[in-house]
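Heads up: the structure comes next, in structure tokens.
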Amino acid sequence: MNQQAPSESPVYRFPEACDYLKFGETTLRGLVANGTIPVVRVGRSIRFTQWALDEYLRDAESQSAEVKDATGDGMTTRRW
């Protein structure tokens, strides 16, 4: 996969970033507030680079792990 440098990455407004990540507005605002997803501030507006959104998705994917089911019946599930 061809990765773009942050300076060459498309820029998204808040609603577009929500659509791109398939997240609700509240979830994305929480990730921004705790610094999980970096933003670019333009005046009072917040912008997201596609590079930063893709980086968040890559990190989330690499942190997913198999977890034993709480019932103890040996089933496993994927955690995101």
Which value in nm describes the separation of the simple spin-label points at residue 14 and residue 54, placed 7 Å from the Cα toward the beta carbon? 2.6
Per-residue HN-Hα couplings for the stretch 19-33, Karplus 6.51 cos²θ - 1.76 cosθ + 1.60 at θ = phi - 60°, whole Hz, x for Gly and Pro? 5, 4, 7, 6, 10, x, 4, 4, 4, 5, 4, x, 5, 6, 4
Interchain or sequence-distant (5+) residues whose placed amide H lies within less than 5 Å of the amide H of residue 12 are 48, 49, 50
What are the ³J(HN,Hα) values, in whole Hz, obtained from phi via the Karplus relation 6.51 cos²θ - 1.76 cosθ + 1.60 with θ = phi - 60°, for each residue of the stretch 42-56 in sequence order, with x given for Gly and Pro? 10, x, 9, 8, 10, 10, 10, 8, 4, 4, 5, 5, 5, 4, 4
Using mean Cβ contacts within 10 Å as the protection proxy, how do 43-56, 20-33 order, highest first? 43-56, 20-33
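We did not get these values from a lab; they are worked out from the coordinates using the rules stated. Everything numeric in this text was worked out from a predicted model, so none of it was measured. Please note: Cβ atoms are built from the backbone with ideal geometry, for glycine as well, and neighbour counts cover all protein chains shown.
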